[in-house]
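Structure first, commentary second.
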């Protein structure tokens, strides 16, 4: 009996090790489920308020690049304005009929990137609200990356809302606390965003498989889809998360896959997560009506 | 470095903040992330009990995890290190077990200290990267990341040691 007790005391650290390992394993696996607690993430009030201070400081080092991005964005918006002015002008000259422009694109080239003008919104477009937010914590190096932003439930941010930046699509809000939110970005292996080739309107899903944070894949593109290297990929607007036409990236190559029904395209992403500071949370109006409708249609 | 309670808490907080706020936000390279907080575990006094070692390691790992959105990941790697540390430390010291000292260049001389730090950090980053990837397909990525992390971390630890000694 004495020996057994001695043995137990001598190796009690193994019991503690196994206990701690179990706790860690539970944390690891629970986090993978989408609906977990925000407590153990960088969007929890404590950690986010600490990293927010650091983010405020590092923001200043990125101001030069930010200015350039804003200038690019300005050029893009000015051209869009010109375009609408032309439209209104045409209208004033006696053309009263509804103007529907399909597939119209303008490409603006600046020194560093190509900004593609999306289709002018039609009457079918749903209106949406954007809420500017700042990135307080981000990882790009891991296989499953996350980022935390400084807007939360008290600002109206809810789980499932889309997040975009001046460069393009960023991700989807996956957890919220009172003042902060955790975003599942494109560069997380669990992310899947419905997108399409802007020129030919063929659909696919945007996926990321680790590695380079600047390249992702567009999967499930139909075999017969037309595309060219350099084509722009935009969001499809099929989900309740993003409106149609938010830039995603450019096609850089085709990936051979075994699937006979579809193929995969390699996409170079517009959003550079390595220097992401300012983002916008997109709140589309509630889709209850649509959900109701879809429910009714089910037979 | 970790002599009294106050010192311990001070270094704990400093290292967690450096790791969670500064290092994790500077993405110099996709590989090679210095895991500086490991210093806390490596520098605990040699007479620290195994259970205390485990609890300290688990706590600091968990705190780093909170900033990195990886609950359980750094904590797991840290308790594996805590289990291996007494053995790896004993290999590099000729002193009596009763003698208590803080591992460092001063107490162990340079090469024994490196021979103690290197396998410790290697084990830690191997566990960390393996669990992070959680897939055999990414084995080459895991190996590259492990070696890169280890080299950078050991370099940082030795630099800190030299800077600290001059004071």
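Data table
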quantity	calculated
Close pairs (9 angstrom Cβ cut-off, 6 or more residues apart or separate chains): more than 8 Å from chain B (Cβ to nearest Cβ) and on the phi < 0 side of the Ramachandran plot in the stretch A:33-52, modelled with pLDDT under 75 and part of a loop (DSSP other than H, G, I, E, B) anywhere	A:45/A:38; A:48/A:41; A:48/A:42
Residue match in the stretch A:164-186 (condition: in a loop (DSSP other than H, G, I, E, B) and surrounded by fewer than 17 Cβ atoms within 10 Å (Cβ to Cβ))	yes
Boolean, residue A:134 is without any contact (Cβ under 8 Å) to a residue 24 or more places away in the chain and touching a helix residue (DSSP H, G or I) at 6+ places or on another chain (Cβ under 7 Å)	no
In the stretch A:40-75, the residues that are in a helix (DSSP H, G or I), in contact with a strand residue (DSSP E or B) (Cβ under 7 Å, 6 or more places away or on another chain) and crowded, with 18+ Cβ neighbours inside 10 Å	A:48, A:51, A:52, A:55, A:72
Hits in the stretch A:187-216 (condition: within 14 Å of the chain's Cα centre (by Cα) and in a strand (DSSP E or B))	A:188, A:193, A:194, A:195, A:205, A:206, A:207, A:215, A:216
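Condition check ((1) more than 9 Å from chain A (Cβ to nearest Cβ); (2) buried (at least 20 other Cβ atoms within 10 Å of the Cβ); (3) assigned to a helix (DSSP H, G or I)) across all residues:
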site	(1), (2), (3)
B:19	yes, yes, yes
B:41	yes, yes, yes
B:47	yes, no, no
B:58	no, yes, yes
B:67	no, yes, yes
B:70	no, yes, no
B:82	no, yes, yes
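The values are calculated or read from the model by the stated rules, or taken from the named source; none is laboratory data. As the structure is a prediction and not an experimental result, all values here were calculated from the model. So basically every Cβ, Gly included, is an ideal-geometry build from the backbone, and we count neighbours across all protein chains shown.
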